[in-house]
């Protein structure tokens, strides 16, 4: 007996605990468990639950919710309505954000401007909608100024229609797009531009041949994040738009199914369609990103 | 950086700055409209109101039961800050210090709630919370708000923790500190600026989080922003100035914390710190 015991210990090798630790699993790694369980329970599980629930309609076959969505123009039009709002707004925001961030990059004191621009993001869409209702209304300062300047005779109709929601998406979306773009633009090593300038490239050539290829992946991600935000517009579409007409966006359809018809199965189906359209556009944009240069662009200092 | 001095470049710069100016003026005028209207006696068809008063604040205070709403708002925000701090900082420490199989998948799991808009995952989440009976209650609102804030704290804290030299922790271990002592005496003081910044941003985000709170709140668990939405939605029932007074109260509660948060973070980080991650 005494002779056997030491040999078995040698054969055993490192304990399970040591082997796990060598792979990075020890007491410290366990600290991630509470947050991971929380996210699984309240993010992954609801999504999976909603996905399955969407195939268990109140009445009809397993695809009845989706059949109803794509056969009822009041429902499927919401996709087009949402895209008609979110795609132009996102493109406009990105188009304006690029020249502005190239300008702001040269500023020494950017803090005041970035602070002002962070205001609408912080205040949120409900407050922006409430503010714009007054400001863009027929008696608001915006229309009064245009009339006083002689640009128009009659106040423009800017609230309770498409343009009200458009304006609110620009006010909250432009700062978001701009701050993202700025972080990508300032992340590019200025030495690259200086090298191009030394070789005689004009400002336009430097933008097209140096910056644009390097920034394309960043712009693609900025577009995706801004688009997804604009696509899920909800409070301002109700308050500033025409929630039964041109700005009946998909989130309104999902909300009405859940909280007005109490049909959670249908609501989940609409939410899944909403998620799917967002995903489709994001995949489309990110796939085209692969066509551009991907490599180091920031200097050693970062 | 290269500055062009040609005429074309100057014209282009002027055009870009006037665009920024136009945006900022409209933004400030929009906020100004709300503030002016909240102090107006009567404001119809003129540039400025006929007279000034503060009575809309007292009427909004009683009509919308703002005191109760504010208490709920700060209770929700306070609990969300504490819980997301506890869950987020510990998870961020593990993710910053250890390499293990499935770590990338885990980071993706924490990234998704920040990238997917709240209304998309809010409807399935609300469905589950209604089934469990948690929706409509105070705790339902807290739990729903934690879904994006826990990942937010994790992704803000990972770079903060990574920049702390592990040798400092090793030294504390050599001198006999256990994990708890190490955390209280070494990590917490070093991480405090980062934790403070992350939690202040969580506070601002929770006060302003409309969608999730709206989908799961009951009549007694509304936060200020949801109460404001219902007030604007039912416009016509109350005086416009009363709703504007409430909007000003909401702006004040949000902006106080934003100003404090901006002492610790660069405004750009409010958007990019968490969102920039997928670029790598």
Can you tell me which residue among B:146, B:106 is more than 20 Å from the chain's Cα centre (by Cα) and surrounded by 17 or more Cβ atoms within 10 Å (Cβ to Cβ)? B:106
Residues in region A:167-174: is at least one within 30 Å of residue B:253 (Cα to Cα) and facing another protein chain (nearest Cβ under 7 Å)? yes
The one condition residue B:178 fails out of (1) free of Cβ contacts under 8 Å to residues at least 12 places away in the same chain; (2) in contact with a helix residue (DSSP H, G or I) (Cβ under 9 Å, 6 or more places away or on another chain); (3) within 17 Å of residue A:28 (Cβ to Cβ) is (2)
Filter region A:50-67 for residues that are surrounded by fewer than 17 Cβ atoms within 10 Å (Cβ to Cβ) and either within 10 Å of chain B (Cβ to nearest Cβ) or in a helix (DSSP H, G or I) (or both) and give the result. A:51, A:52, A:67
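Is it the case that some residue within region A:186-193 is under 13 Å from the mean Cα position of the chain (by Cα), in the same structural domain as residue A:249 (by TED's automatic domain parsing) and surrounded by 16 or more Cβ atoms within 10 Å (Cβ to Cβ)? Lay out the reasoning, then the answer.
Within region A:186-193, the first condition is being under 13 Å from the mean Cα position of the chain (by Cα), and the residues that meet it are none.
The answer is no; no qualifying residue exists.
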Name every residue in region A:246-274 that is without any contact (Cβ under 8 Å) to a residue 12 or more places away in the chain, part of a helix (DSSP H, G or I) and farther than 19 Å from residue A:46 by Cβ, in order of residue number. A:256
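Quick check on my filter: what residues within region B:95-106 are more than 7 Å from chain A (Cβ to nearest Cβ) and in contact (Cβ under 8 Å) with a residue 24 or more places away in the chain?
Going through region B:95-106, the residues more than 7 Å from chain A (Cβ to nearest Cβ) turn out to be B:96, B:102-105.
Across region B:95-106, the qualifying residue is only B:96.
Inspect region A:148-157 for any residue being surrounded by fewer than 18 Cβ atoms within 10 Å (Cβ to Cβ), more than 30 Å from residue B:266 (Cβ to Cβ) and at the interface with another protein chain (Cβ under 7 Å from one of its Cβ atoms) and give the result as yes or no.
no
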For residue B:127: the one exception among (1) assigned to a helix (DSSP H, G or I); (2) more than 30 Å from residue B:186 (Cβ to Cβ); (3) more than 7 Å from every other protein chain (Cβ to nearest Cβ): (3)
Output for region A:97-118, where each listed residue is assigned to a helix (DSSP H, G or I), more than 7 Å from chain B (Cβ to nearest Cβ) and either touching a residue at least 40 places away in the same chain (Cβ under 8 Å) or closer than 19 Å to residue B:10 by Cβ (or both): A:97, A:98, A:101, A:102, A:104, A:117
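Okay, residues lined up against (1) farther than 19 Å from residue B:258 by Cα; (2) under 21 Å from the mean Cα position of the chain (by Cα); (3) within 11 Å of chain A (Cβ to nearest Cβ); (4) crowded, with 17+ Cβ neighbours inside 10 Å:
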position	(1), (2), (3), (4)
B:173	yes, no, no, no
B:184	yes, no, no, no
B:188	yes, no, no, no
B:204	no, yes, yes, yes
B:207	no, yes, yes, yes
B:211	yes, yes, yes, yes
B:224	no, yes, yes, yes
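Table: residues versus (1) in the same structural domain as residue B:228 (by TED's automatic domain parsing); (2) without any contact (Cβ under 8 Å) to a residue 40 or more places away in the chain; (3) farther than 27 Å from residue A:106 by Cα.
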{"site": "B:5", "(1), (2), (3)": "no, yes, no"}
{"site": "B:9", "(1), (2), (3)": "no, yes, no"}
{"site": "B:12", "(1), (2), (3)": "no, yes, no"}
{"site": "B:17", "(1), (2), (3)": "no, yes, no"}
{"site": "B:25", "(1), (2), (3)": "no, yes, no"}
{"site": "B:28", "(1), (2), (3)": "no, yes, no"}
{"site": "B:37", "(1), (2), (3)": "no, no, yes"}
{"site": "B:45", "(1), (2), (3)": "no, yes, yes"}
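Of the residues A:286, A:212, A:279, which is within 11 Å of chain B (Cβ to nearest Cβ), surrounded by fewer than 19 Cβ atoms within 10 Å (Cβ to Cβ) and farther than 18 Å from residue A:85 by Cα? Steps first, answer last, please.
Working: A:212 fails: within 11 Å of chain B (Cβ to nearest Cβ); A:279 fails: farther than 18 Å from residue A:85 by Cα.
Exactly one residue qualifies, and that residue is A:286.
So which of B:43, B:12, B:56, B:61 ends up being outside any loop (DSSP other than H, G, I, E, B), over 30 Å from the mean Cα position of the chain (by Cα) and crowded, with 16+ Cβ neighbours inside 10 Å? Steps first, answer last, please.
Values: B:43 fails: outside any loop (DSSP other than H, G, I, E, B); B:56 fails: over 30 Å from the mean Cα position of the chain (by Cα); B:61 fails: over 30 Å from the mean Cα position of the chain (by Cα).
Of the residues listed, the single one that is outside any loop (DSSP other than H, G, I, E, B), over 30 Å from the mean Cα position of the chain (by Cα) and crowded, with 16+ Cβ neighbours inside 10 Å is B:12.
The values are calculated or read from the model by the stated rules, or taken from the named source; none is laboratory data. Quick caveat: nothing in here was measured; it's all calculated off a predicted structure. Glycine gets a Cβ as well: all are built from the backbone with ideal geometry, and neighbour counts include every protein chain shown.
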